[in-house]
Amino acid sequence: MRDTWPSFTSLLVANLVLVLGGSAHGSRSTLPPGCLQAQIQLLGACGLPFGGRRFSWLLCNPVVSNLICWIADVLVQPRAIEAIGFRKSWIEQQVRQFIRLPILHGEEEDSSNESKKESQHDGGVSSRVCRQVLIVGAGYDTLALRLANESRRLRYRSSAKKKQNHDDGPMFWEVDHPNTGRVKERGMHRLPK
């Protein structure tokens, strides 16, 4: 990697998430909820040559994504691209348990689970409170962005109902190559709040 360029590997993994979103291997279900849409938005906001809306649409297209998955199965390793989705889901599940956020099983949760979510979030068996999460080699991953936003929304809703103030949740730190970090930070500032 050149010192002045962002990481090609980070961009490759981020674009493979888009491929998973269009694949017919059931790969969309391997991605954490909200991951695909957040990845599309972040790559578009970063202004990368292979991250705009048209390129995202192309990679999410079922014909293109199935072809890419087939090529990877033959040339690299069977289900290699799907492994990225499983890895992302497993890591997200571990982080959610650590910071005590509910584990989502779909793009949207219904309101009947609201009290269950709050009891999982507010009253855990352990009194451990997570204040910081460090993501090493973050690249263009959207985990910190998605969980920080979700944590704020849950805490705001919970404090409004109980008339109590809560802290803003854990602080997320991402570490990566400086140029990749600069491009991602620029893209994050361009995202709608």
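If you go through region 178-188 and keep only what is touching a helix residue (DSSP H, G or I) at 6+ places or on another chain (Cβ under 8 Å) and either open to solvent by 80 Å² or more (accessible area, probe 1.4 Å) or of a type outside the set (A, V, I, L, M, F, W, C) (or both), you end up with 180, 184, 186, 187. Can you find a residue in region 69-76 that is under 12 Å from the mean Cα position of the chain (by Cα), buried (at least 20 other Cβ atoms within 10 Å of the Cβ) and among the hydrophobic types (A, V, I, L, M, F, W, C)? No, every residue in region 69-76 fails to be under 12 Å from the mean Cα position of the chain (by Cα), buried (at least 20 other Cβ atoms within 10 Å of the Cβ) and among the hydrophobic types (A, V, I, L, M, F, W, C).
Among the residues of region 170-177, is there at least one that is modelled with pLDDT of 90 or more, more than 17 Å from the chain's Cα centre (by Cα) and at negative phi? Checked against the condition, which is being modelled with pLDDT of 90 or more, more than 17 Å from the chain's Cα centre (by Cα) and at negative phi, region 170-177 yields at least one hit. On the stretch given as region 24-58, residues that are over 24 Å from residue 182 (Cβ atoms), open to solvent by less than 30 Å² (accessible area, probe 1.4 Å), modelled with pLDDT of 85 or more and in a helix (DSSP H, G or I) total 1.
The values are calculated or read from the model by the stated rules, or taken from the named source; none is laboratory data. Please read these numbers as outputs of a predicted model, since none were measured by experiment. We place every Cβ from the backbone using ideal geometry, glycine too, and count neighbours over all the protein chains shown. Accessible surface is based on the protein model in full, side chains and every heavy atom, while ligands, DNA and RNA are left aside. Shrake-Rupley method; radii C 1.70, N 1.55, O 1.52, S 1.80 Å.
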